[in-house]
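Working notes for the structure below.
The values are calculated or read from the model by the stated rules, or taken from the named source; none is laboratory data. A quick note: this is a predicted structure, and the numbers were derived from the prediction, not measured. No Cβ is skipped: glycine too gets one built from the backbone with ideal geometry, and neighbour counts run over all protein chains shown. Please note that ligands, DNA and RNA were not included when accessible areas were found on the heavy atoms of the full protein model with its side chains. Shrake-Rupley method; radii C 1.70, N 1.55, O 1.52, S 1.80 Å.
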Amino acid sequence: MKPNMSLDELLEAVERNAALPDELAEATPPQVYTSREFLELELDEIFNHEWFCVGREDEFANPGDYRTTTIGRDPVIVLRDRDGVLRAMSNICRHRMATLLEGSGNLKGRISCPYHAWTYNLDGQLIGAAHMRDNFDKKEVCLPQFQVEVWQGWVYVSLDPHASPLAARLQVLSDRIANYRLPEYKTLFRAEEIWDTNWKILAQNFTEGYHLFVAHAKTIEPAMPTKLANALYGGDAFSLYEQGRVPGQSYERSSEMTVDNPLLTEDERNKAVLFGIFPSHVVSITAERTFWLSLQPYGTDKVKVFWGADVFPGSVPEEAEARSAYVAELKAGFDRINDEDKPIIGSIAQNAKALAAQPGRLSPKERTIWNFQQYLARQLCRKRPREG
Ligand SMILES: [Fe+2]
């Protein structure tokens, strides 16, 4: 690849890469991971418009429950208001643009800016502003509101008021995973981290089973071997792969779990279903648990990773001590997997800058990557008016 290619040349390379047939598919052109201009285009064309996972609905069970997050360049508050409405709104004060809230928890009172105490109701309406003139009408000031949608128990937010509903795009996937009864899964734990890689490298890594027999040889492979990884084709809105399990084996827990879900077939019990909700929610589900990551870029070679696991009701001990021991074991299991991936996908982000970096042919077990590359090309290449 030419170093210093222009954005237009890079987009042409992205289009050529996406146009390759399945049997000739190749890995992503390296500048897609390293170009600052490409990242700005992604923020404009993808992150300002698409749906992003901000947690599960049961994390916002009570009025006042909130979490702050960032979508693209925008700080966002997600909360349940006093009337029970699940909302997403800007986390930027309408006065001097300071950040209003940090972290997550339960809001007992209003939202009050830490700078000059402009104060908002949980629906975003300004209700307090000290030392202002009589000509200032608080009623005219409200925090910008964003779209919220719940799919399979996950809460998604889009900054774009015209974003088309997510559920309709994911109908094929919803039908396929219906028996797992995902809306009933309950939150087990959440974590937030920054990893040293490009967001797309991590999204691609999570949704391919080709590397299990090498990078996770002693952890995932004995329970979910690469030879049982079946990469399918999701289409426009998601990537999909089904991962066979070895009965009785698990990489994340030592105890046997019983799942009382009569809808599940034997085949469904004996596999994990992995999918990437484009662009950046990557998920692994089994009969007993989820394991998922929601990604936001943080520069070209860092990514914000909001991740966690949820469990099918009744499959985890109710008693507090046994439950927390289970949570600790499961999280440690996933941490181990993440720690196996981090140095490898970190090296890709660095090597993508190298003169000799060149993408190679993909395995059929990486069909999900080909699928993702087509999504990127659709989002970034069509909309951009070309010079000349
Ligand atoms: Fe991995």
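Only four residue types carry charge here, +1 at the Cβ of Lys and Arg and -1 at the Cβ of Asp and Glu. Report the dipole size of region 52-153 about the Cα centre in Debye, rounded to the nearest 20.
340
Give me the accessible area of residue 207, 1.4 Å probe, in Å² rounded to the nearest 10.
Approximately 10 Å² for this residue.
With the Cα gyration tensor of the chain giving a ≥ b ≥ c as the square roots of its eigenvalues, does the rule (a/c under 1.5 for rounded; else a/b larger than b/c for prolate; else oblate) give rounded, prolate or oblate?
Verdict is oblate for the chain.
So for region 78-196, taking the charge dipole from beta-carbon charges (+1 Lys/Arg, -1 Asp/Glu), which of 106, 189, 167 sits furthest toward the positive end?
Working it through, the farthest residue towards the positive pole turns out to be 106.
Taking the Cβ-Cβ separation of residue 8 and residue 196 as r and a Förster radius of 25 Å, what is the calculated FRET efficiency to the nearest 0.05?
About 0.30, to the nearest 0.05.
Name the cysteines of the chain that stand alone by the Cβ rule: no other cysteine Cβ under 4.7 angstrom.
53, 142, 381
If the convex hull of the alpha-carbon atoms of region 58-97 is projected onto planes in all directions, what is the mean projected area in square nanometres?
Averaging across all directions leaves 3.2 nm² for the Cα convex hull.
HN-Hα J couplings of region 154-167 from phi, Karplus 6.51/-1.76/1.60, θ = phi - 60°, integer Hz, Gly and Pro as x?
Once rounded to whole Hz, the list reads 8, 9, 10, 10, 10, 6, 8, x, 9, 4, 6, x, 6, 4.
Full extension from residue 23 to residue 342: what is 0.36 nm times the residue separation minus their Cα-Cα distance, to one decimal in nm?
112.0 nm
Where in region 43-126 are there chymotrypsin sites (Phe, Trp or Tyr not before Pro) that are in a DSSP coil and have at most 13 other Cβ atoms within 10 angstrom of their Cβ?
The qualifying sites are 115.
With runs of 4+ DSSP H residues as the only contributors, calculate the mean residue ellipticity of the chain at 222 nm using -39,500 (n - 2.57) per run, divided by the residue total and rounded to the nearest 500.
Helix contribution divided over all residues of the chain: -7500 deg cm²/dmol.
Rounded to the nearest 20 debye, what is the charge dipole size of the chain about its Cα centre when +1 sits on each Lys and Arg Cβ and -1 on each Asp and Glu Cβ?
The calculated dipole for the chain is roughly 600 debye.
Let me understand region 52-153 better: what is its radius of gyration from the alpha carbons, and its Dmax, in angstrom?
Taking only Cα atoms of region 52-153, I get Rg and Dmax of 13.7, 48 Å.
Hey, what's the Kirkwood Rh for region 173-322 if you take every pair of different alpha carbons, in angstrom?
16.2 Å is the Kirkwood radius here.
Among 322, 128, 35, pick out the residue whose Cα is farthest towards the positive end of the charge dipole of the chain, where Lys and Arg carry +1 and Asp and Glu carry -1 on C-beta, about the Cα centre.
128
In this model, which of 271/342; 218/353; 227/331; 218/331; 108/186; 271/302 are farther than 28 Å apart at the alpha-carbon?
218/353; 271/302, as the Cα separations exceed 28 Å there.
List the GluC sites (Glu not before Pro) in region 176-260 that DSSP assigns to loop (not H, G, I, E or B) and whose Cβ has at most 16 other Cβ atoms within 10 Å. Which are they?
Qualifying residues, ordered by number: 256.
Counting only protein heavy atoms and using a 1.4 Å probe, what share of the accessible area of region 1-120 belongs to carbon plus sulfur, as a whole percent?
48
Using +1 on the beta carbon of Lys and Arg, -1 on that of Asp and Glu, and nothing else charged, what's the dipole of region 242-388 about the Cα centre, debye to 20?
1280
Picking from 44, 83, 74, which is most flexible by a Gaussian network model of the chain using Cα springs under 10 Å?
In this elastic network of the chain, the residue with the biggest mean-square fluctuation among 44, 83, 74 is 83.
Give me the Debye-computed log₁₀ of I(q)/I(0) at q = 0.10, 0.11 Å⁻¹ for region 105-262, equal point scatterers on Cα only, no solvent, two decimals.
These q points yield log10 I(q)/I(0) values of -0.65, -0.74.
Given springs between every Cα pair under 10 Å in a Gaussian network model of the chain, which of 216, 162, 49 has the largest fluctuation?
The residue with the greatest mean-square fluctuation here is 162.
Could you tell me how far the Cα centroid of region 96-123 sits from the Cα centroid of region 133-207, in Å?
Distance between centres, Cα-based: 21 Å.
Among 362, 240, 295, determine the one that fluctuates most according to a GNM of the chain built with springs between C-alpha atoms less than 10 Å apart.
Residue with maximal mean-square fluctuation among 362, 240, 295: 362.
Loop only by DSSP, 13 or fewer other Cβ within 10 Å of the Cβ. Give me the trypsin sites (Lys or Arg not before Pro) in region 1-93 that pass, ordered by residue number.
In loop regions of region 1-93 (DSSP not H, G, I, E or B), the sparsely surrounded trypsin sites (Lys or Arg not before Pro) are 73, 82.
Using only the alpha-carbon atoms of region 30-97 as identical scatterers, what base-10 log of I(q)/I(0) does the Debye formula give at q = 0.14, 0.19, 0.20, 0.28 Å⁻¹?
The Debye formula, applied to the Cα set alone, gives -0.55, -0.83, -0.87, -1.18.
What is region 52-153's relative contact order, in percent, from Cα pairs under 8 angstrom and six or more apart in sequence?
23
Quick check for you: which residues of region 302-318 have the amide N under 19 Å from the point 7 Å beyond the Cα of residue 263 toward its beta carbon?
In region 302-318, the label zone of residue 263 (backbone N under 19 Å from the point 7 Å along Cα→Cβ) covers 310-316.
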